[in-house]
Amino acid sequence: MDGQIDTAMKRGRGYWFVDGFTEMIAGGLFILLGGILLLRGIAPQHSFLAQFVSVASDISIVKAIGIIAAILVLWWLKNQFTYPRTGFVREKWVTVTQMLTLIGKAILILILPVLGLVAAFIFLPSVRGVLFSMPVWFPAGLGLVLAVLCVLSGEWMGLRRFRLMGALILLAGIVVGVWQLVIGLPNFPVEALQSNSLAALPEVVRAPMAETINRTFISIGLLTLVSGIVFAVSGVVTFLRYRKENPVPYREEA
Amino acid sequence: MTGSLHNLSDLDRVIHEPARLLLIALLSSVESADFLFLLKESRLTKGNLSVHLSRLEEAGYLRVDKTFRGKIPHTEYRLTPQGKSAFDQYRKNLGPIFDTKKG
């Protein structure tokens, strides 16, 4: 019986995702962000495309306006489509205590990869080897963090599709990491790989280091892009199912 | 009377009715919800839903806000602090009743 009460409580929590609009818009934002990161990594230097992407990603006000516009579009869509069909729900305000708990949990989750990195620095023979293989482990680690967040939030809201989304995001992170490994990491001089010093990098490793950073951005861009596609597809499927179940608006009689 | 039997007799009868329990559970996780949401989620008839909501309102567990969205009447329901604590207490009382380990 308690399980059924929990299910009913989760229905309210997950109502924001009932129509698929939130996932579609979040997916769209992820695709834009991933696309910018990817283009930044692959566009030839000094080309028009590189300059355009650089300017677009540097203007914070454009990002802020984009996010606000996305929220307004979401409100409008829900007002026009969802609320007349399945009703209106005002979600609970997050209290200061809940916010602090949430921040604490997020910090704990984010600390895990940092601890992993610190452990790698301590136990691996080459400190720089860890840094130089960043295009491989960074997307896999980020994919894991995103997948955990996705699954946990899905469990809290009773949305099983978030498990599949989390699994796909994790898989994408691993595939991107393996792909970077397969195409080969930038070539570093042997003496640089064997060094454990964190002192300034010598001139000889500057170019491969820049390539490593660039390829890490490409990895993050790819992962963000795939995550965005996963969200958007899930949103479209959810929307189609919702529209099929609720084809016409309902009117409460006066 | 054993502890769990005592809990059984202590169950709040206003909440214990299945339809009202469902309505309270739905409202407990949100700030407020309108009539249509409760109607769709509970799958009760409009008349039946109105009766149960009135019963909860009479018990002081529910607050009703009537407004307009444009020209359409809009009724929102939210749990009162009394309703929230009654629901929490109900869940506490319900737990040991099904705890078979205590035999």
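Observations, loosely collected:
- Residue exposure sequence - A:15, A:242 - by fewest surrounding Cβ within 10 Å: A:242, A:15
- J(HN,Hα) series, region A:66-79, from Karplus relation 6.51 cos²θ - 1.76 cosθ + 1.60, nearest Hz, glycine and proline x: x, 5, 4, 4, 4, 5, 5, 4, 4, 4, 4, 4, 5, 5
- Working note: Karplus 6.51/-1.76/1.60 with θ = phi - 60° gives region A:174-184 the couplings 5, 4, 4, x, 5, 4, 4, 5, 5, 6, x Hz, where Gly and Pro are set to x.
- For the residues of B:16-26, the average number of beta carbons from a partner chain within 10 Å of their own beta carbon is 3.
- Set A:78/A:244; A:92/B:84; A:105/B:92; A:244/B:40; A:78/B:40; A:92/B:40 screened for pairs whose C-alpha atoms are more than 18 Å apart: A:105/B:92; A:92/B:40
- Mean partner shielding of peptide A:9-19, defined as the number of other chain Cβ atoms within 10 Å of each residue Cβ, is 4.
- Neighbour counts of C-beta atoms inside 10 Å place B:88, A:6, B:12 in the sequence B:88, A:6, B:12, starting with the fewest.
Where a number appears in this text, it was derived from the coordinates with a stated rule and is not lab data. Being a predicted model, the structure only gives us computed values, none of them experimental. Don't worry about glycine lacking a Cβ; one is built from the backbone with ideal geometry, like all the others, and counts go over all protein chains shown.
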